[in-house]
1. Exactly one of (1) within 11 Å of ligand 2 (Cβ to nearest atom); (2) within 14 Å of Gln122 (Cα to Cα) is unmet by Asn37. Its number?
2. Say we look at the range 161-185 and pick out the residues that are more than 12 Å from ligand 1 (Cβ to nearest atom), open to solvent by 60 Å² or more (accessible area, probe 1.4 Å) and over 20 Å from Ile149 (Cβ atoms); which of these is modelled with the highest pLDDT?
3. Report yes if His60 is within 12 Å of ligand 1 (Cβ to nearest atom) and touching a residue at least 12 places away in the same chain (Cβ under 8 Å), otherwise no.
4. Could you check, for the range 66-79, whether at least one of its residues is hydrophobic (A, V, I, L, M, F, W, C) and under 19 Å from Ala129 (Cβ atoms)?
5. Which residue out of Ser69, Ser88 is under 29 Å from Tyr141 (Cβ atoms) and among the hydroxyl-bearing types (Ser, Thr, Tyr)?
6. In the range 125-144, which residue that is in contact (Cβ under 8 Å) with a residue 60 or more places away in the chain and in a loop (DSSP other than H, G, I, E, B) is nearest to ligand 1 (Cβ to nearest atom)?
7. Sort out which residues of the range 135-152 are more than 13 Å from Asp23 (Cα to Cα) and in contact with a Ser or Thr (Cβ under 6 Å, 6 or more places away or on another chain), and write them in order of number.
Amino acid sequence: MIFTKKQILGSAQDFAYQVHHNDTSGHDFLHIERVVNNAKTIAKHAGADSFICQMAAYLHDIADEKISSDPEKSTQQIIQFLIEQGLSTEDREHIMEIITTMSFRGGANKQPPRTLEGKVVQDADRLDALGAIGIARVMAYSGHTARPIHDPSILVRDQMTVAEYRSNRGTAVTHFYEKLLKLKDLMNTDYGRHMAEGRHRVMEEYLEQFYAEWDGER
Ligand code: ADP
Ligand code: NI
């Protein structure tokens with residue numbers, strides 16, 4: 001049985017739905033759908049292989065340690081899935097390379113992805129942490145992990161030192177400085193960076209208004 005690309009993408013979407021539809025940590029199925037949409041847009045502008053980008057986007061969080069209780073086993077399930085879809089060895093290996101380098105935290109993902117498609121999917125995932133959606137996700141995640149929204153004693157705007165950062169567990173607002181406001185400069189593709197710039201401005205304006213409201217100024 002040979003499947004069309006459209007059928008294979010549909011199956012990847014079903015697989016992602018099964019894994020993600022109950023998630024409350026900010027990696028729900030609709031995060032996956034948004035990353036696929038971002039990946040399609042960037043792939044078009046970057047001249048990347050849209051099928052590979054969309055496949056990797058659908059599968060990118062399935063074996064993530066934040067979602068899977070057994071990432072090794074989940075990785076094997078993804079490989080098995082790709083074999084069942086009849087993908088070539090080359091395509092399977094490419095997709096696996098993209099998702100494993102994206103989902104391994106810390107040291108392993110310090111290097112930018114090797115291929116254009118990997119760069120596109122990493123940008124697509126990062127974009128979902130930015131802008132209006134990024135703000136919603138940071139608040140949702142903070143509720144999920146019982147972090148407060150904000151505590152002025154923890155953060156003096158972006159003046160927080162490494163020692164201060166290590167000595168507290170942070171708030172939703174500190175996460176903007178820990179990670180979100182840094183992502184714009186880490187984008188891999190020109191179009192990804194262009195999208196990130198717009199979303200970055202939304203977050204800066206949001207924080208400005210947030211502090212003004214906090215102080216009762218507006
Ligand atoms: P990814 O899986 O894309 O690498 P993360 O798991 O780090 O991203 O984050 C998922 C979502 O949860 C993001 O939108 C991010 O802003 C939010 N998030 C992650 N860590 C924190 C945190 N410590 N405090 C608040 N929000 C967080
Ligand atoms: Ni993701």
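The values are calculated or read from the model by the stated rules, or taken from the named source; none is laboratory data. These numbers come from a predicted model, not from an experiment. Don't worry about glycine lacking a Cβ; one is built from the backbone with ideal geometry, like all the others, and counts go over all protein chains shown. These area figures cover heavy atoms from the full protein model, side chains too; ligands, DNA and RNA do not enter into them. Shrake-Rupley method; radii C 1.70, N 1.55, O 1.52, S 1.80 Å.
1. (1)
2. If we filter the range 161-185 for residues that are more than 12 Å from ligand 1 (Cβ to nearest atom), which is where we start, we get 161-164, 166-167, 184-185.
Next cut, open to solvent by 60 Å² or more (accessible area, probe 1.4 Å) only: 161-164, 166-167, 185.
Of the ones still in play, those that are also over 20 Å from Ile149 (Cβ atoms) are 161-163, 166, 185.
Working: Thr161: 62, Val162: 61, Ala163: 62, Arg166: 59, Asp185: 97.
Restricting to residues being more than 12 Å from ligand 1 (Cβ to nearest atom), open to solvent by 60 Å² or more (accessible area, probe 1.4 Å) and over 20 Å from Ile149 (Cβ atoms), the top hit is Asp185.
3. Values: within 12 Å of ligand 1 (Cβ to nearest atom): yes; touching a residue at least 12 places away in the same chain (Cβ under 8 Å): yes.
Against the criterion (within 12 Å of ligand 1 (Cβ to nearest atom) and touching a residue at least 12 places away in the same chain (Cβ under 8 Å)), His60 qualifies.
4. Of the range 66-79, the ones hydrophobic (A, V, I, L, M, F, W, C) are 67, 78-79.
Subset that is under 19 Å from Ala129 (Cβ atoms): 67.
Among the residues of the range 66-79, at least one is hydrophobic (A, V, I, L, M, F, W, C) and under 19 Å from Ala129 (Cβ atoms), which makes the answer yes.
5. Numbers: Ser88 fails: under 29 Å from Tyr141 (Cβ atoms).
On inspection, the qualifying residue turns out to be Ser69.
6. Going through the qualifying residues, I end up with Asp128.
7. Arg147, Pro148, His150, Asp151 - these are the residues of the range 135-152 that are more than 13 Å from Asp23 (Cα to Cα) and in contact with a Ser or Thr (Cβ under 6 Å, 6 or more places away or on another chain).
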